[in-house]
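To start, the structure itself, in structure tokens.
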Amino acid sequence: MHLVKLDLSKNRLQQLPLDFGRLVNLQHLDLLNNRLVTLPVSFAQLKNLKWLDLKDNPLDPVLAKVAGDCLDEKQCKQAAVKVLQHMKAIQSEQDQQRQRKLQAEREMEKKREAEQRAKEALERELRKREKAEEKERRRREYDAQKAAKQEMEKKTKKETVHTRKPASSSRPPQPARHKASWSRSVLRVLLFVLFCILCTLAACKLTELQHQPLCVSVNTLYEDVVAALQNHKTLQNMLQHNSHQ
């Protein structure tokens, strides 16, 4: 805007627009007898302002002291220069505050990002540790299962050996069976021999073969045996009779 002179005196203005500083070509400004307390920060942009009157306003004490009294042309020009300098200082202070705020926000953002990265790194480390622990747990379970399987196999082998031992231990009685079988065989042979002797004896006693030399010997042997048995029986009777006496 190319406005150069502006008279806003006696309008009961309580504040100026925030973008009042857009009137960069303004040179003469009359704000006499209003209700202004402060000026917008954009007022510092009125770099061409040469004349200013702020009398009869309830200004902030600091601003009132800077502006002074506009009683003549010289004082009004000084007011314009001093107020511009004051507003520039305020603008610079606000800019610095904004910069500090932005810097603090950036630092806070960096801190949050660093905390987030640390948190993510910690989570990754925890996940890595959990995976390692899970892997170790599975390995221990596998080793335990393998050991249990081996123990079971050993136990099965021992049971197999124990079940085989009775069979082997039952083998020693086999000689007894062989011995009993051998005794029965001997008994059969003796019975057969006795049967043959009885048959021979009967043949030699009851048949015509009794006059044969073999039968004569058999009969003689038989009679000797019978006589010996009778003598033995007589001796036993005598011994028993003596023992009774």
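The values are calculated or read from the model by the stated rules, or taken from the named source; none is laboratory data. What you see is a predicted model; the values in this text were computed from it and never measured. A quick note on method: Cβ atoms are made from the backbone with ideal geometry, for glycine too, and the neighbour counts reach across all protein chains shown. Side chains included, ligands, DNA and RNA excluded: accessible areas come from the protein's heavy atoms. Shrake-Rupley method; radii C 1.70, N 1.55, O 1.52, S 1.80 Å.
Annotations
- Relative contact order, whole percent, for the range 1-99 stands at 24, derived from Cα pairs under 8 Å and 6 or more residues apart.
- Efficiency of FRET between residue 197 and residue 240 - r from beta-carbon atoms, R0 35 angstrom, step 0.05: 0.70
- Computed over protein heavy atoms with a 1.4 Å probe, the carbon and sulfur contribution to the accessible area of the chain reaches 57%.
- Separation in nanometres of the label points that stand 7 Å from Cα toward Cβ, at residue 24 and residue 71: 3.7
- Farthest toward positive dipole pole in the chain [+1 Lys/Arg, -1 Asp/Glu at C-beta], among 9, 142, 89: 142
- Checking Cβ-Cβ separations below 4.7 Å across the chain identifies 196, 199 as cysteines lacking any candidate disulfide partner.
- Ordering 142, 222 by accessible surface, largest first, gives 142, 222; the 1.4 Å probe counts only protein heavy atoms, with every chain in place.
- Student exercise, the chain dipole from Lys, Arg, Asp, Glu Cβ charges, in Debye to nearest 20: 560
- Computed per residue of the chain from DSSP H runs no shorter than four, each worth -39500 (n - 2.57), the mean residue ellipticity at 222 nm is -26000 deg cm²/dmol.
- Rel. contact order, % - alpha carbon contacts under 8 angstrom, at least six apart, the chain: 9
- Simple label model, 7 Å out from Cα along Cβ direction - residue 106 to residue 5, nm: 4.7
- Heavy-atom accessible area per residue - the range 1-124, 1.4 Å, Å²: 68
- Lys/Arg +1, Asp/Glu -1 at C-beta; the chain dipole; positive extreme among 32, 211, 48: 211
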